[in-house]
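Below is one structure; the comments refer to it alone.
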Amino acid sequence: MRKNIVAGNWKMNCDLPMTQDLIAKIITELPDTLNCELMVAPSHPFLYAAFNASLETPIEVIAQNVSQHENGAFTGEVSIDMLQSVGIQTVIIGHSERRNTFLESDQELAEKAKAAIENGMRVIFCIGEHLEQRKTGNHFETVTAQIEKGLFDLTAKEWKQIVLAYEPVWAIGTGETASPEQAQEMHEHIRKFVADKYGDKTAQNVSILYGGSVKSSNATEIFAKPDVDGGLIGGASLDATSFIDIAKAF
Ligand code: PEP
């Protein structure tokens, strides 16, 4: 059964006091029931503090990135084992900022996803086209190529640990949102692409999140679309009230 998920990507925005304050505020604002899983992704140094603060709450603390390497001479990197040792079981891989600013290749992202999955983690794998690719009508093939190169070496069983996040690059942090119809059209296309490779059961069970300037004012109509199973939220996740309001849109 696919799940509704609202995940906040805090990027490189919060130091320790801000991380503690934000998670405390989110906990205070949690309603009695939510119809979605709620996740937050602080920066690596604060994962343990956030994880401890999240204990006995429905919030899952997740990581923004991970190395594909097990250990060794990889200065500045963080391993799967390190994340798991502080309680982290889910990681975002392939965010457009990792692809475009840090030039992580499809090959590297495939290795990261494979390593995380093999070690029992859940992966939120991001895909999305640039504006130029949409303008020239190449958005569908751009996104499906990212999925094929990143995840099609996995087995159907391993796909149970995958969540997809469709994030058009032109909508991330720009205030510009894909229309609910554009999001639905892409999500439906992605689900069909997964079904063609792995069958309907796998495709129907994979959660596909939308990301790109989601706010409390537009979340309801985006999440109402049948193939949109939640959101990966950047800017709006830095305010506890707006983040919880987005989660309440389910
Ligand atoms: C993101 O970074 O994943 C994102 C969707 O950011 P924003 O919500 O700020 O557009």
So how compact is region 14-112: Cα radius of gyration and Dmax in angstrom?
14.8, 46
Shape box of the chain [Cα atoms, principal axes, largest first, Å]:
45, 45, 33
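With every protein chain present, what is the per residue accessible area of the chain (1.4 Å probe, Å²)?
Numbers: 11350 Å² over 250 residues.
Per-residue value: 45 Å².
Let me have the relative contact order for region 98-250, percent, based on Cα pairs under 8 Å that are six or more residues apart. It would help to have the intermediate numbers written out before the result.
Details: 224 pairs, mean separation 31.6, N = 153.
21 percent.
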Rank F140, F152, F243 by accessible area, highest first, at a 1.4 Å probe radius?
F140, F152, F243
Contour minus Cα-Cα distance for N52 and E188 (0.36 nm per residue)
45.2 nm
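Helix-only estimate, please: 222 nm mean residue ellipticity of the chain, summing -39500 (n - 2.57) across DSSP H runs of length 4 or more and dividing by its residues, to the nearest 500. Let's see the in-between values first.
On the way: 11 runs with 105 residues, N = 250.
Helix-only estimate at 222 nm: -12000 deg cm²/dmol.
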Cβ-based charge dipole, the chain, positive-most Cα from A7, F250, G199:
G199
Largest to smallest accessible area among H187, H130 [probe 1.4 Å]:
H130, H187
Checking a compactness column here: for region 103-168, what do you get for Rg(Cα) / (2.2 N^0.38 Å), N being the number of residues?
1.15
Under a 1.4 Å probe, counting only protein heavy atoms, M18 has an accessible area in Å², nearest 10, of 90
Region 90-175 - percent of accessible surface contributed by carbon and sulfur, probe 1.4 Å
50
With the dipole of the chain worked out from charges on the C-beta (+1 for Lys and Arg, -1 for Asp and Glu) around the Cα centre, which of Y48, H69, Y210 lies farthest toward the positive end?
Y210
How much of the calculated P(r) for region 82-230 lies past 22 Å, in percent of all Cα pairs?
37
Listed residues Q133, T220, I59: farthest to the positive end of the dipole of the chain (Cβ charges):
T220
Size of region 165-250 along its principal axes in angstrom, Cα-based, largest extent first?
39, 25, 18
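Within 10 Å, count the other beta carbons around each residue, average over each peptide in 160-168, 119-127, and list them highest first.
Highest to lowest by the protection proxy: 160-168, 119-127.
With only Lys, Arg, Asp and Glu charged, each at its Cβ (+1 for the first two, -1 for the last two), find how big the charge dipole of the chain is about the Cα centre; round to the nearest 20 debye. Walk me through the numbers on the way to the answer.
Numbers: 21 positive and 34 negative charges, 61 e Å.
That gives a dipole near 300 debye.
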Relative contact order for region 1-144, counting Cα pairs under 8 Å that sit 6 or more residues apart, in percent
18
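The values are calculated or read from the model by the stated rules, or taken from the named source; none is laboratory data. In this text, all values refer to a predicted model and were calculated from it rather than measured experimentally. We place every Cβ from the backbone using ideal geometry, glycine too, and count neighbours over all the protein chains shown. Quick note on the areas: whole protein, heavy atoms, side chains included, nothing else; ligands and nucleic acids left out. Shrake-Rupley method; radii C 1.70, N 1.55, O 1.52, S 1.80 Å.
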